[in-house]
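To start, the structure itself, in structure tokens.
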Amino acid sequence: MHLFTRTLVVSIVLLSLGSLPLCAAQHPSISVQEPKTAVTRTNQVGSRTIRYFTFGITVRNNGTETSDNLTFVLRDPELPSNRTLGNCTLQPGASKTFTVTDYPIATPGAFYFNVSWSPTSVGFNSYNTGKASFIVGGADAKKSTPGFEGILAFIALGAALVLYRKKTT
């Protein structure tokens, strides 16, 4: 094998191994799924149209330990107030859906909001505190992972190069 081909194969193997977890830590891991939304009604106030949304916000414990009693809060950057969604303790693999009805939005087009969580009665740490941001009410933005696509292209190029080298030798 040529030096370049060996280097390419070793690089691909190391990149593949680097993406694997080394050990499974035991702690809660909270995630918030993309909310399900629907416009329930609209009102015209002067020249502004106010849309009222209903949100279904699902939170999940993807970890291996039970979560603390967490409080979930909807934080709208456009408004000075926050809306408490509720609190819960989640077992590993468990999820809970919080529903918000008739939430008024005066911003035309898409808007964004945050869902944050923190413990209700115990100390803060990186496993029981967090935030997720969402864009709602506009055209669906496609989420791209160019890093992953680049790695796949690199692997395909390497495989093609190896096959080409085998055919020419």
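The values are calculated or read from the model by the stated rules, or taken from the named source; none is laboratory data. These figures come from a predicted structure and were not determined experimentally. Neighbour counts run over all protein chains shown; Cβ positions are idealised from the backbone, glycine included.
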Boolean, residue 165 is modelled with pLDDT of 85 or more and either within 21 Å of the chain's Cα centre (by Cα) or of a type outside the set (A, V, I, L, M, F, W, C) (or both): no
Restricting to segment 92-103, count the residues that are surrounded by 12 or more Cβ atoms within 10 Å (Cβ to Cβ) and closer than 20 Å to residue 44 by Cβ. 1
Provide a single number: the residues in segment 87-98 that are polar (S, T, N, Q), farther than 18 Å from residue 36 by Cβ and touching a residue at least 24 places away in the same chain (Cβ under 8 Å). 2
Subset of segment 62-91, residues surrounded by fewer than 17 Cβ atoms within 10 Å (Cβ to Cβ) and polar (S, T, N, Q), comes to 62, 64, 66, 69, 71, 81, 82, 84, 89, 91
Restricting segment 119-150 to residues that are more than 30 Å from residue 41 (Cβ to Cβ) and modelled with pLDDT of 75 or more, which is surrounded by the most Cβ atoms within 10 Å (Cβ to Cβ)? 119
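Residues checked against (1) within 23 Å of residue 94 (Cβ to Cβ); (2) in a loop (DSSP other than H, G, I, E, B); (3) modelled with pLDDT of 90 or more:
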position	(1), (2), (3)
26	yes, yes, no
31	yes, no, no
42	no, no, yes
50	no, no, no
55	yes, no, no
58	yes, no, yes
63	yes, yes, no
Could you grab the pairs with beta carbons closer than 6 Å, sequence gap of 6+ or different chains, first residue in segment 74-86 and within 21 Å of residue 59 (Cα to Cα), second one of a type in the set (S, T, N, Q) and surrounded by fewer than 14 Cβ atoms within 10 Å (Cβ to Cβ)? 75/82
Please count how many residues of segment 86-130 are assigned to a loop (DSSP other than H, G, I, E, B) and of a type in the set (Ser, Thr, Tyr). 7
